[in-house]
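Quick notes on the structure that follows.
Laboratory data are not the source of any read-out in this text; all were calculated from the coordinates shown. Just so you know, these numbers come straight off a predicted model, no measurement behind them. Backbone-built Cβ (ideal geometry, glycine too); neighbour counts: all protein chains shown.
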Amino acid sequence: MSPILIISLIGIALILFVFRLFKKEVKPFPSKWERLLKSNVHYYRELNKKDQLRFQSRMMIFLSEVKIEGIELEVEDLDKVLIAASAIIPVFGFEEWHYNNLDYVLLYPEYFGADYEYIKDKSKTRIAGMVGTGDMANRMILSRHALRLGFSNRKDRYNTAIHEFVHLIDMLDGEVDGIPKIIMEHQYTIPWLDLIHHKIEDIYEGKSDIRPYGATNQAEFLSVVSEYFFERPKMLRSKHPQLYKVLAKAFQQNLAK
Ligand SMILES: [Zn+2]
């Protein structure tokens, strides 16, 4: 065997070894999670069997790419299931999705304040979830309390974790501006902005059933109406048909059918 061939073979073996070392392992879906999904995630219950299986495998790919860490708490199976489901729900319309801007989800027991201190007092400003920038880039912080509350009532159009994942989708184009360019075609962005401003005006005038927090800015508007879209699609279609149409197209999911 020539020395060149030997060196090439060693090189190939080394590349394969390093690749195996860094390749993230996708674990099989634990069968006991099926019950957790069925009893807690309405979106999953509505899927047909084939899509439920697809949903499960998408969850496991997500969990192989993003680490969930408990801060002063032990992460339970239900936490993993709800976080992975929240990640997949907004992107289930796409064949494949990787949250390249997320490495960690840090799970806090409670709501927290600007310095990440826990806040139980309801009269104070409390943060239920956030996606980091700067030092906190590629990290999402979630309150377990808010995560579970988001799935306990599917009619309130309130789901903190889905809200945060939609912020990540919005951020993927480099700007947190409520225009998710990665999933929204260019020709729709101007009409989308007009619609946002019109709907925010309605919130200010007290003429809207969209949560007032959505009027904070364009990015919050997108996340708030996405919670509405994924929790009450039929209601959104009947009360805000234009909004429904744009979101259904962007997320490639016609949930109100
Ligand atoms: Zn937000």
Taking only C-alpha pairs under 8 Å that are 6+ residues apart, what is the relative contact order of the stretch 88-154 in percent?
33
Total charge of the residues flanking ILE68 in space, meaning their Cβ is under 15 Å from its Cβ, with Lys and Arg +1 and Asp and Glu -1, is -2
Just ALA215, ALA137, ALA128 to compare: in a GNM of the chain, with alpha carbon springs under 10 Å, which one fluctuates most?
ALA137
If you only keep lysine pairs separated by 8 or more in sequence, or across chains, how many in the stretch 11-138 come under 14 Å at the Cα atoms?
6
What do you get for chymotrypsin sites (Phe, Trp or Tyr not before Pro) in the stretch 50-146 restricted to DSSP loop and a cutoff of at most 16 other Cβ within 10 Å of the site's Cβ?
PHE94, TYR116
Counting other Cβ atoms within 10 Å, keep those with at most 11, restrict to DSSP loop, and tell me which GluC sites (Glu not before Pro) in the stretch 57-99 are left.
GLU72, GLU74, GLU95, GLU96
Comparing ASP77, ASP135, ASP194, which has the greatest mean-square fluctuation in the GNM of the chain with Cα pairs linked when under 10 Å apart?
ASP135
Treating the angle as unsigned and between 0 and 90°, give the value, to the nearest 10°, between the Cα long axis of helix 160-171 and the longest Cα principal axis of the chain.
70
Pick from SER31, SER143, SER208: which is most flexible by mean-square fluctuation in a GNM of the chain where alpha carbon atoms under 10 Å apart are linked?
SER31
Which angle between 0 and 90 degrees, to the nearest 10, do you get for helix 241-251 versus the longest principal axis of the chain when only C-alpha atoms count?
10
Normalised contact order of the stretch 173-257, rounded percent, pairs of Cα under 8 Å and 6 or more residues apart:
25
With +1 on the Cβ of every Lys and Arg and -1 on the Cβ of every Asp and Glu, the dipole magnitude of the chain about its Cα centre, in debye rounded to the nearest 20, is 1240
Hey, what did the chain get for relative contact order, percent, Cα under 8 Å, at least 6 apart?
14
Note on the chain, DSSP bridge orientation, antiparallel percent to nearest 5 equals 35
Quick note, the stretch 173-257: a/c under 1.5 would make it rounded; otherwise a/b > b/c is prolate and the rest oblate (a ≥ b ≥ c, C-alpha gyration tensor); here it is oblate
As an exercise, identify the trypsin sites (Lys or Arg not before Pro) in the stretch 182-238 lying in DSSP coil whose Cβ has no more than 15 other Cβ atoms within 10 Å.
LYS207
